[in-house]
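So the structure is just underneath, and the comments pick up after that.
The values are calculated or read from the model by the stated rules, or taken from the named source; none is laboratory data. A quick note: this is a predicted structure, and the numbers were derived from the prediction, not measured. So basically every Cβ, Gly included, is an ideal-geometry build from the backbone, and we count neighbours across all protein chains shown. Protein only, heavy atoms only, side chains kept; ligands, DNA and RNA dropped before computing areas. Shrake-Rupley method; radii C 1.70, N 1.55, O 1.52, S 1.80 Å.
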Amino acid sequence: DDCSPDIEVARVGEEFEAADPRVRFCRQEVNLDAVRNHWFLLAEAKGKYFMWAYDDDLYEATLVERLVERLEANANAILCACDVSIIDDKDQVTRVEKLSSLRGDEAWRRVRRSFFFYPTSNIYLTVLGLFRTAPMHAKGIRPELGCLGFNTSMEVPFLARVSLAGEIISVDEALLLYRSHEDSRYIKELARIN
């Protein structure tokens, strides 16, 4: 919890921590910003896998199970994501982003190049997937700080480094509902940039 002003966040986090010994709830004393909070989570990750989860997104119950299955079936993969349903502030799906280029139809060597272009395709959404923790620690891969106070697109150089450490793959199911609305940090930053 990056010092959320909503006291419900701490209550829910502590409730999950008390119910499951695998869960550890951490609350920042001050707001670190998205990237530094991502660094913190990655540094604190102790399990075989980790992922960043955002409080305004929604997740299908089988998300982690399906991503783990796919990672376990591909030893060369460092990250597995799924197709993403983009939802508005009323939970209505506005579109589905399919990550079909990451499904093995093409050679990884050729697909990997797409992680080095900006602007990128929808592959930036893989940052919302499940990562293998050990190679991320071993290679010292972590998100970049944004430029001029912006964190928008910080996932582009980060995912390029991830793609050099292992394959990035996807599951052909929309198991994540990513909320895009005018009050999101990402949309506010895009408006300031524009």
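Quick notes on this structure:
- Within segment 1-81, GluC sites (Glu not before Pro) in DSSP loop having at most 10 other beta-carbon neighbours inside 10 Å: Glu29
- Working value for segment 1-105: equivalent-ellipsoid semi-axes of 26, 19, 14 Å, each the square root of 5 times a Cα gyration tensor eigenvalue, largest first.
- Among Glu167, Glu182, Glu97, residue whose mean-square fluctuation peaks in a GNM of the chain (springs only between Cα atoms under 10 Å): Glu182
- Length gained when the stretch Ala107-Thr133 is fully extended (0.36 nm per residue, less Cα-Cα span): 6.9 nm
- Sulfur and carbon atoms: percent of accessible area, the chain [1.4 Å]: 54 percent
- Per residue, the chain exposes 58 Å² of solvent-accessible protein surface, assessed with a 1.4 angstrom probe and all protein chains in place.
- Label zone at Ala53, where the point sits 7 Å out along the Cα-to-Cβ direction: segment 64-87 residues whose backbone N lies under 20 Å: 64-72, 79-87
- Heavy atoms of Tyr54 accessible to a 1.4 Å probe, total area in Å² rounded to 10: 70 Å²
- Rounded to 5, percent antiparallel among DSSP beta bridges of the chain: 50 percent
- When the alpha carbon gyration tensor of the chain is reduced to an equivalent ellipsoid, the three semi-axes, largest first, read 25, 21, 18 Å.
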